[in-house]
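Note sheet for the following structure.
Every read-out reported here was derived from the displayed coordinates using simple, explicitly stated rules and does not represent laboratory data. Everything numeric in this text was worked out from a predicted model, so none of it was measured. Methodologically, a virtual Cβ is constructed for each residue, glycine included, from the backbone with ideal geometry; neighbour enumeration extends over all protein chains shown.
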Amino acid sequence: MSAALELLEKSAGEVSAQVRSRAISAVEVTQGALDRIEALNPQLRAFITVMTKQAQAEAAAVDRLIASGRDLPLAGVPIAIKDSFDVAGVPTTAGSKILANSRPQADAESVKRLRDAGCVVVGKSSLHEFAYGFTSRNPHYGDCRNPWDPARIPGGSSGGNAVALATGMVLGAIGGDTGGSIRLPAALCGVVGLKVTYGLVSRHGGVPLSWSIDTVGPMARTVADAARLLQAMAGYDAKDSACSRLPVPDYLADLGRDLKGVRIGIPHQGFFEPLDPEVGTAMQDSLEALKLAGAELVDVDWPSLEPVVGAHRSVLFAEASAAHEKMIRFQAAELSDDVRPLLQAGLFLTSGQYLAAQQARRKVIEQYRGLWSRFDLLVTPTSPIPAPEIGATTTRLDDREVPLVRAFLDLTLPFNLTGQPALALPCGFTRAGLPIGLQLVGRPFAERLLLQAGAAFEAARGLPARVPAVVRT
Amino acid sequence: MPDDQPQRLSETTVRRMAQDVVRLPLTEAMVEPVRSTLEGLFNEIAAIKPEDREGFEPLSQVILEEWSR
C-alpha cells in the first residue's frame, strides 16, 4: 500500500479532497481500508460483516461519478456502520444471532445520506447485543477489543466503530447513543464521537433500543471530520416522527474560530469527583487548554444525579423491553447472558414507574435549561477511568468499589435524558498509553458551537499523533 | 409513604410475579439474574423522590426546539 493511502495519517476531509481532484481514486482508498481490516479484524473484531465486494463496487461507482463531474463532499471516504442500522442487502444483526438472517431492502436514512455524499461503506461494525451494554463483549460474534491494549474493552455499545477509527480501518462511522454508546467508546479508544440533539438525525432504519432517547450520530478521527459527516446526515426526514424541521446550519463555518465570549461551565460535583488521578490531571490540563482557546470558565453547582439516573433507567428499561417483547417471550434462550435479564426485567416495570420517570425527566429538562442560562457549554470528563480489562465489572474510585455501569454512564446519560448534544473527544493519555476523553455538552441544536469548541480545544491542546502498537506490528 | 430502605427481592417473589403478573416463562437459571437486575433497578428508580417530579406532567414527546438562547 502506498504511503498516500495510509489512512491513519489523513482526515476524511483530506481524502475526499484528493479523490475529488483525482489525485487518488476511491478504489485505492477503499482497498487500503479493506487491507487494514483484513490484517487487524481477526484480533480486534471491529466488524461483524466486512463488505469487500460491495465496497469495491461502490468505490468504483464514486470514481465514475467524480469523472463525470459530480461534486461529492465526502467522495471516497471509507465508513463503518454500526450493525444496528440497515445497509441494503446486508444483515442487520444488532449484535444478536436472532437477527443474523435479516435482509433489509433499503439503507437506513443516515446511511443513504452518507452514501449520497460519496462515502463508501466497508462494513457493519461490532456492538454490544441490541446496543444494550457498554463493553462491546459479544458471545455471538466475538468480543471487540481495545486497540491500545487488546486485553481491555473498547467501550460500547458502538465499540467496533471506535476501534476501526483508532486503527485507520475507516475515516468515519455511524453510531447510536442512548446512554453514552457513541461517547464512551470514543473516549476509551481516543477518537471523536458526537451524540446529537434528539431529533436532529433520522433514526429511520435503525433497530430501536429506547424510542424517546435513541439518537444517531457521527464518529470520526477529528472534530472537523465529525462536522463533515454531520453536515450530510442531519436534517428532516418524514420517515422519523421525532425528526426536527429546523434548518441545518453550516457546521464547518465556525471551525477555526477561537472561544472568546464562550462561557463554559464546570460541574464539580458528580462529574469531576471521584476521578482516576490520571484522568483528573488530564482534565486540569484540558481546562487550561479551553482557557487558552479563549473560553471563560464558570464554576457551577450541579444538582444530584441520582434522580436523573433513576429516570433514565426506568425509561430505557421499559422502552427496550416493549420494543423487543416478542423476542423476550419466545427467543430468550438465544439472547446473551448479560442482555437477557435486562430485557426480561423491563417487563416487570409498572406504568406508574414509567410515568413517574417521565415526570422527573420533564423537571430535569427544565432544571438544566435554567442552569444553561449561566453558560454556553458544559465540560466534563467523558469517563472517570480509562479502559478497564475485559471481564471487569467494578472499578475503584476514591477507595470505593463502583459498578462500571455507574462509573461509565452517570457522566453521559444525563444528556440522553434531556436530549442535549454532547461531544466526546480525546484529551490525553495515561502513562500506560490508554486514551482519556473530554465531554462538551451544549443546548439542544447547538451542534455548531459544540463543534467549534471541539476544534478549538483540539488546536489548543495539541495532542501529538499516536498510533496503537497493534497497527505497527 | 415509601421509606429509604433498599428494596430486597426474593427469588420466590420474582417467580410469582413472572408467573402471575408478567406471564413470562423463566427457567430456574433465569430467575437469579432477573432478580438481581430488578433489585438494582427498583432501587435506582426509588431514588426519584416525590419532590423530583411533583408539579410536572409526564413528558409525552421530546420536543427541544423551544430551548434556545
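Some observations on this one:
- Averaged over the residues of A:338-348, the number of partner chain Cβ atoms lying within 10 Å of the residue Cβ comes to 6.
- Averaged over the residues of A:368-381, the number of partner chain Cβ atoms lying within 10 Å of the residue Cβ comes to 1.
- By average C-beta atoms within 10 angstrom, highest first, the peptides B:43-51, A:93-101, A:228-236: A:228-236, A:93-101, B:43-51
- Charge tally in the Cβ shell below 11 Å around A:Leu349, where Lys, Arg are +1 and Asp, Glu are -1, A:Leu349 excluded: 0
- Simple label model, 7 Å out from Cα along Cβ direction - A:Ala106 to B:Lys49, nm: 5.0 nm
- Net charge in the neighbourhood of A:Gly265 (other residues with Cβ under 14 Å of its Cβ; Lys, Arg +1, Asp, Glu -1) is +1.
- Residues whose amide H falls under 5 Å from that of A:Lys82, counting only those 5 or more places apart or on a different chain, are A:Ser125, A:Ile174, with hydrogens built in the peptide plane.
- Crossing angle, helix B:28-45 versus chain B [Cα axis fit, 0-90 degrees, rounded to tens]: 30 degrees
- Charge tally in the Cβ shell below 11 Å around A:Asp254, where Lys, Arg are +1 and Asp, Glu are -1, A:Asp254 excluded: -1
- Only Lys, Arg (+1) and Asp, Glu (-1) charged, at Cβ; the protein assembly as shown dipole about Cα centre in debye: 1100 debye
- DSSP bridge orientation in region A:40-156 - percent antiparallel, rounded to nearest 5: 45 percent
- Burial ranking of peptide ranges B:53-63, A:370-380 (average Cβ count within 10 Å, highest at the top): A:370-380, B:53-63
- Cα gyration tensor, region A:356-473 - rounded (a/c under 1.5), prolate or oblate: oblate
- Cβ neighbours within 10 Å from other chains - mean over A:323-332: 1
- Theoretical ellipticity at 222 nm over chain A - DSSP helices of four or more residues, -39500 (n - 2.57) apiece, nearest 500: -11500 deg cm²/dmol
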